[in-house]
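These notes are about the structure you will find just below.
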C-alpha cells in the first residue's frame, strides 16, 4: 500500500513536471499518460529501499508499543528470530529490486526516450493544416495547400532561423520523412531562393531533401545511461567518449547492482535498533528516531560514495564495503 501511494505521488509530480511537454508539442492526452507511465519502473526502483524501511519501522514499532515484542522475547525468542520476518521481507524485495534494476528499468527507459523523441521530433507530433501557415520552430514556417497522410501538395517553406542565410522553397509536391536526425521534407519540381551575405541566389530543382533540423543538438542530453541494457553497459564501460560519460556509466552500474542491497541493510538497522532498545529494562522511546537517523546517515554515505566512483576498482571497493557492513550488522543482530 505504501509503495502504491508513494509511486502514485511521484508519478503525479512527474506528470506536472512534463505538462509543458504536453502543451508545447500538442500531443494527445493518452500518449502523454503512456509516456509518463514509462517512468514508473524507475520511480519504484528509487523508493523501494525507503518503503522497506518505513514498513518495517511501522510494524515493529506498533508491536513494541503493544508489548507484543516483550511477550515474544519472554517466551524465549531471540532478536534474530524476531527479526526473521523483516529480513525475509527485505530479501524478497532485494531480489525483485535487482530484477527491476537490471532488466525492467533499462527497457522502460529506452522506450520512454524513444517515445519522447517520436512525439517531439517524429511524424507523430507534426500536424500540418491545409491552406494554413504552420510554425515548426522560431523562424521556420511551412505552408501546404493539400495534405494526404505524409504526402504534400503545393509546398512553401520559409527558413529564417539563421539571420544571415534566409531560404525560401516552393515546390509542387512534397513528402514528410522521419530520419535519425529528425524530420525531413523531400520536395519535387520547385524553386529555391537563398538570401545570404554573398547576395541573392535562385534556381530550380527536380528533387530536394531538406533536413528541418528540429532535434536539439546536445550530446550530453542524448547520452542516457539508464536506457542502455545492463550487459551492454558492462561491456562498454571502457569505450565511452568522455570522462564524464565514463563516470556516469560507473555510477549507473553501482545503482543497478548495489542499490538493491540497501533494502537488507536498512531492514537490519531498523530491526536491530528497535529490538535491542525494546528489550532494555527502560524502553528507549527515542528508538524510532535513532533508526531514522541511522537510515539517513547510511543512505547519505552510500549515495555519496556511489557518486564518487571513477573506476571499476572503486565500484569493487564499494561493493566490498556494502557486504562488510551487511555482515557486521548481521553479527550484531545475532549477538545476544
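Rule-based calculations on the coordinates, nothing more; no lab input. Everything numeric here is computed off the predicted structure, so don't read it as measured data. Don't worry about glycine lacking a Cβ; one is built from the backbone with ideal geometry, like all the others, and counts go over all protein chains shown.
Results, tabulated for the structure shown:
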quantity: Quarter of Cα convex hull surface for the stretch 132-211, i.e. mean projection, nm²; calculated: 5.3 nm²
quantity: Residue among 165, 263, 61 with the largest mean-square fluctuation in a Gaussian network model of the chain, springs linking Cα atoms under 10 Å; calculated: 165
quantity: For the stretch 1-58: span of alpha carbons on each principal axis (Å, largest first); calculated: 45, 16, 15
quantity: Rg over Rh, two decimals, the stretch 1-140 (C-alpha only, Kirkwood Rh); calculated: 1.25
quantity: The chain: C-alpha pair distances exceeding 30 Å, %; calculated: 55 percent
quantity: Additional length obtainable on full extension of the chain from residue 73 to residue 46, 0.36 nm per residue less Cα span; calculated: 6.2 nm
quantity: Sequence of 254, 270 once ranked by neighbouring C-beta atoms within 10 Å, starting from the fewest; calculated: 254, 270
quantity: Relative contact order %, the stretch 251-336, counting alpha carbon pairs below 8 Å whose residues are six or more apart; calculated: 43 percent
quantity: Selected from 201, 249, 313 as most flexible by GNM, with the chain as the system and alpha-carbon contacts under 10 Å; calculated: 201
quantity: Degrees, to the nearest 10: 40-65 long Cα axis against longest axis of the chain; calculated: 20 degrees
quantity: Compactness of the stretch 247-336 - radius of gyration and Dmax, Cα, Å; calculated: 15.1, 50
quantity: Extension gain (nm, one decimal) between residue 138 and residue 92, 0.36 nm per residue minus Cα-Cα; calculated: 11.3 nm
quantity: Per residue Cα convex hull volume in Å³ - calculated over the stretch 228-273; calculated: 73 Å³
quantity: Selected from 112, 29, 261 as most flexible by GNM, with the chain as the system and alpha-carbon contacts under 10 Å; calculated: 29
quantity: Distant alpha-carbon pairs in the stretch 72-211 (separation over 22 angstrom), percent; calculated: 58 percent
quantity: Mean separation of Cα contacts under 8 Å, 6 or more apart, over the residue count of the stretch 132-211: relative contact order %; calculated: 21 percent
